[in-house]
1. R0 = 25 Å: FRET efficiency of Thr67 with Ser124, Cβ-based, nearest 0.05?
2. Can you tell me what share of the DSSP beta bridges in the stretch 113-213 is antiparallel? A percent to the nearest 5 is fine.
3. Just from its helices, what would the mean residue ellipticity at 222 nm be for the chain, if runs of 4 or more DSSP H residues each count -39500 (n - 2.57) and the sum is divided by every residue, rounded to the nearest 500 deg cm²/dmol?
4. With +1 assigned to the C-beta of every Lys and Arg and -1 to the C-beta of every Asp and Glu, and no other charges, what is the dipole magnitude of the stretch 113-213 about the Cα centre in debye, to the nearest 20?
5. Ranking request for peptides 176-187, 147-158, 115-126: highest mean number of other beta-carbon atoms within 10 Å first, then the rest in descending order.
6. For the chain, take the longest principal axis of its alpha carbons; what is the angle in degrees between that and the long axis of helix 237-256, to the nearest 10 within 0 to 90?
7. Among Tyr144, Asn197, Ala123, which residue has its Cα furthest toward the positive end of the charge dipole of the stretch 113-213, with +1 on Lys/Arg Cβ and -1 on Asp/Glu Cβ?
8. Place +1 on the Cβ of every Lys and Arg and -1 on the Cβ of every Asp and Glu in the chain, take the dipole about the Cα centre, and give the residue among Asn252, Thr207, Val34 whose Cα lies farthest towards its positive end.
Amino acid sequence: MKKRWISFAAAAGLLISSMTAFAAENPEDTVVRVGALKGPTSMGLVSMMDQSEKGETDNQYEFTMVTAADELLPQVISGQLDIALIPANMASILYQRTEGEIRVIDINTLGVLYAVSGDDSIASTADLKGKTIYLTGKGTTPDYVLQYLLEENGISLEEVTLEYKSEATEVAAILAETPQAVGILPQPFATVALSNNEALKNVLDLTKEWDHLNEESKSRLVTGVTIVRSEFLEENPEEVAAFLEDHESSANFINENPKEGAELVEQAGIVEKAAIAEKAIPYCNITCITGEEMKDALLGYLQVLYDLNPDSVGGTLPEEDFYQIPLSE
């Protein structure tokens, strides 16, 4: 019977169905489908991707790389992806949209935002008072992060001028023409801007500014998290645990070996040039934070976004089951 089924599937060309049937009978051969955004969020995956291609991982992986979170979310909802690396606030929105059918298993990237300028008078957030600041997207997370830092440093929005642009490249273009301007740029755009103009430098690391304000609360500036579909986690806990081990190892590799990691980043099409990736990696805050530390850091970040605009996290904060601690539960 089994042979007839395999033969029929092959004859009908139903490769996906036959793989699903085989995986159901052979759990150890389950293909873990992972989606990620091109950028710092996915840089921590490149060593894992390389090892997977060489057959050196316990899990069998299938990786999907996209340029926008909106491309990943439907694939998670439809079950086309099992695990996805997405912006932290989008994970909260997805949790609400799926009525709690996803879990966060790690933080993969902390803050990647930097204030870039040639203005030597800027040494802290407080020094932004009276400045014109260029940044991307009104009502996006960079906007909320900046507003939070300004407010916590006693600066009202009336005391600065925020100029919004649609793309990071537009902000970089302004800085190229006017080095004394201040731009909020994510990595690797900040590194590209510095590479193109020696007059510019990272005058503020917004992650450090955030940490300085939250030493007691344990809140962190979180860029990306890794989520898993609840159903997949329930059916494949060992595969998810193995993914976490691979992810931690991969994140450590790129932080400890930026030159070799940068080559893999270029090969994966995440950053066009390895030289830029190598310079950017130390500033990307690539990590793999799990457990209670993950929950404390992420909850504090989402609370800040919620206080500024509830819609930025899906209208309400996620319930306790959003945070998968420990993984075995």
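What follows is calculated from the coordinates using simple rules that are stated; it is not laboratory data. This one's a predicted model, so the numbers in the text were calculated from it and none came from an experiment. With ideal geometry, Cβ positions are generated from the backbone for all residues, glycine too; neighbour counts draw on all protein chains shown.
1. 0.15
2. 55 percent
3. -13500 deg cm²/dmol
4. 140 debye
5. Descending packing order for the listed peptides: 176-187, 115-126, 147-158.
6. Tilt of helix 237-256: around 40 degrees.
7. So the residue we want is Asn197.
8. Among Asn252, Thr207, Val34, the one farthest towards the positive end of the dipole of the chain is Val34.
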